[in-house]
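The values are calculated or read from the model by the stated rules, or taken from the named source; none is laboratory data. Fair warning: this is a prediction, and the values are worked out from it, not measured in the lab. Here the Cβ positions follow ideal geometry from the backbone for every residue, glycine too, while neighbour counts run over all protein chains shown. Surface areas here come from the heavy atoms of the whole protein model, side chains and all, with no ligands, DNA or RNA. Shrake-Rupley method; radii C 1.70, N 1.55, O 1.52, S 1.80 Å.
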Amino acid sequence: MNDKELQIQEIELFKLVSVLKKPISDATHTLSEISFVVLRLKLRNGIVGESYLLSFQYSPEAIKGALKDCMDAVIGHSVNETGLVFDKLNHLHEYFGQNGLLSWVQGAINIAMWDAWGKALQQPLWKLWGTHKEKVSLYGSGGWISYSIDELIEEVTNYVDRGFKAVKIKVGSPNWKTDVERLKRVREAVGDNVNIMIDANQGMKLPEAIQLAKAANDLNIYWFEEPLHHENFDGYQTLKNQTGISLAMGEREFNTQPLIELIKRKAIDIWQPDILRIGGVEAWRESAAIAAGFHIPVLPHYYKDYDVPLLCTIPNGVGAESFDWIDDYIDNPMLVKDGFAYPHQQPGWGFNFIDDYLKKI
């Protein structure tokens, strides 16, 4: 292939909506739909790279507009020029701010470029970056606050029946004692050999988070995710010093500065980068390398179909979050067996969205 064949010729956007029987809630949001924006990037030689971002019901016109604003800047670049495109978009975004929605744009374009580049090389991406492992431990995620006790127990026991060794439960109820009672029921249901993690989605104040963390000690809670606002670095330091509970952070971050601030305060135990928010593959791997320098494990947010291949390529990757939300809409769902996920063997990310479920936007 010559360089011209590898040039990006066209980008298209689609929306996909997954079935949601009823709204689900965490401590800070109620989700009325599970929806995604899918980006398709076509090269001159016909190869197509894809990416997707989890959008829920939020700001659909803003997401679409931000992506479309950047398309012209990407057309004509060779698909291997991921760094050049990232820097170009960074420059274009400087006026309105490089963090936030515009970082998601960088991530979506970057991920699709890597998919097309892997397909052009006829290699799965995890083999291109150097392999440290060939499978990744998963934890079952969900445990929504809006669930009844019966729904909560049904979900966690289903994960255990599928071989998962860890589950994550939402906390941040108006009264933290309600969370404790729900966690007690979950511990009874899954037994002592399954790890339980808790996630407040930034929905708690420091006094309540301290009380819940202390109560969670008796339930052998594995880690506490995002109990406070993600920029409350001193609050995380206080929470860590007063309770000793392991703290997981990172999914809301658009760069590595918060990771560095938390490391300075010895207030982070698990780094959880979101590959879309942080801006794509190179930024994800950079953050993982910083975490590795301080012996902090990496366990990313949500995107297992991207995270599992990436985790196989770093020394400090310890696990991935599991939702099944896109599995019915792609041609090659990831193999999950006995609580482990196995990276795709097909080129690129190893899967494609099925046309029948996509609506062009």
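Can you work out the Karplus-derived ³J(HN,Hα) for every residue in segment 333-345? Use 6.51 cos²θ - 1.76 cosθ + 1.60 with θ = phi - 60°, whole Hz, and x for glycine or proline.
Going residue by residue, I get x, 5, 6, 10, 8, 6, x, 10, 10, 10, x, 4, 8 Hz, with x marking Gly and Pro.
Ranked from highest to lowest mean number of other Cβ atoms within 10 Å per residue, what is the order of the peptides 196-205, 70-79?
Peptide ranking by packing, descending: 196-205, 70-79.
Let me check something: with ligands and nucleic acids excluded, how do Thr256, Thr178 order by accessible area (1.4 Å probe), largest to smallest?
Descending order: Thr178, Thr256.
At a Cα cut-off below 20 Å, give the aspartates and glutamates reachable from Lys184, other chains included and same-chain residues fewer than 8 away excluded.
The qualifying aspartates and glutamates are Asp26, Asp150, Glu151, Glu154, Glu155, Asp161, Asp192, Asp199, Glu208, Asp218, Glu225.
Whenever you get a sec, compute what percent of the accessible area on segment 17-60 sits on carbon and sulfur atoms (1.4 Å probe).
Exposed carbon and sulfur together represent 54 percent of the surface.
Hey, can you find the accessible area per residue of the chain for me, probe 1.4 Å, expressed in square angstrom?
43
Considering only Tyr147, Met334, Ile245, whose Cα is most displaced toward the positive end of the charge dipole of the chain, charges sitting on Cβ of Lys, Arg (+1) and Asp, Glu (-1)?
Ile245
Hey, any idea what % of segment 127-348's accessible area is carbon plus sulfur with a 1.4 Å probe?
Roughly 47 percent, rounded to a whole number.
Please work out the Cα center distance from segment 264-294 to segment 102-136, rounded to the nearest Å.
Using only Cα atoms, the two centres lie 17 Å from each other.
Once the other residues with Cβ under 13 Å from the Cβ of Glu61 are scored (Lys, Arg +1; Asp, Glu -1), what is the net sum?
+2
Using the Cα centre of segment 3-122 as the reference point, and only Cβ charges (+1 on K/R, -1 on D/E), how large is the resulting charge dipole? Debye, rounded to the nearest 20.
380
Filter the GluC sites (Glu not before Pro) in segment 34-116 down to the DSSP loop ones having no more than 16 other Cβ atoms within 10 Å, then list what survives.
Glu94
Considering Cα pairs under 8 angstrom that are at least six residues apart, work out the relative contact order of segment 3-122 and quote it in whole percent.
30 percent.
Which whole-number percent gives the relative contact order of segment 245-328, counting Cα pairs below 8 Å spaced six or more residues apart?
26 percent.
Using the Karplus curve 6.51 cos²θ - 1.76 cosθ + 1.60 with θ = phi - 60°, work out ³J(HN,Hα) for each residue of segment 59-66 in order, rounded to whole Hz, and write x for Gly and Pro.
6, x, 6, 5, 4, 4, x, 5
Can you give the net charge of the other residues whose Cβ lies under 15 Å from the Cβ of Leu121, counting K and R as +1 and D and E as -1?
Taking every Cβ under 15 Å from that of Leu121, the sum is -2.
Among Gly46, Val85, Phe14, which residue has its Cα positioned farthest towards the positive end of the charge dipole of segment 3-122, with +1 placed on the Cβ of Lys and Arg, -1 on the Cβ of Asp and Glu, and the dipole taken about the Cα centre?
Phe14
How far is helix 82-93 tilted off the main Cα axis of the chain, in degrees rounded to 10, range 0 to 90?
Once rounded, the angle reads 80 degrees.
Put +1 on the Cβ of every Lys and Arg and -1 on every Asp and Glu Cβ in segment 245-361; which of His295, Asn316, Ala283 then has its Cα farthest towards the positive end of the dipole?
Positive-end residue among those listed: His295.
Note down the net charge around Ile326, summing +1 for each Lys or Arg and -1 for each Asp or Glu among other residues with Cβ under 10 Å from its Cβ.
Its environment carries a net charge of -3.
Can you work out ³J(HN,Hα) from phi for every residue in segment 204-214, in order, using Karplus 6.51 cos²θ - 1.76 cosθ + 1.60 and θ = phi - 60°, giving whole Hz and x for Gly and Pro?
Result, rounded to whole Hz: 10, 8, 4, x, 5, 5, 5, 4, 5, 4, 5.
Only bridges with both residues in segment 127-348 count here: give the DSSP antiparallel percent, nearest 5.
20
Given 4 °C and 1.567 mPa s, compute D for segment 127-348 with the Stokes-Einstein relation, Rh being the Kirkwood radius over Cα pairs; round to the nearest whole µm²/s.
Answer from the Stokes-Einstein relation: 73 µm²/s.
Check which residues have an amide H placed less than 5 Å from Asn195's amide H, if you skip close sequence neighbours.
Ala166, Val167
So, with +1 on the Cβ of K and R and -1 on the Cβ of D and E, and no other charges, what is the size of the charge dipole of the chain about its Cα centre, to the nearest 20 debye?
360
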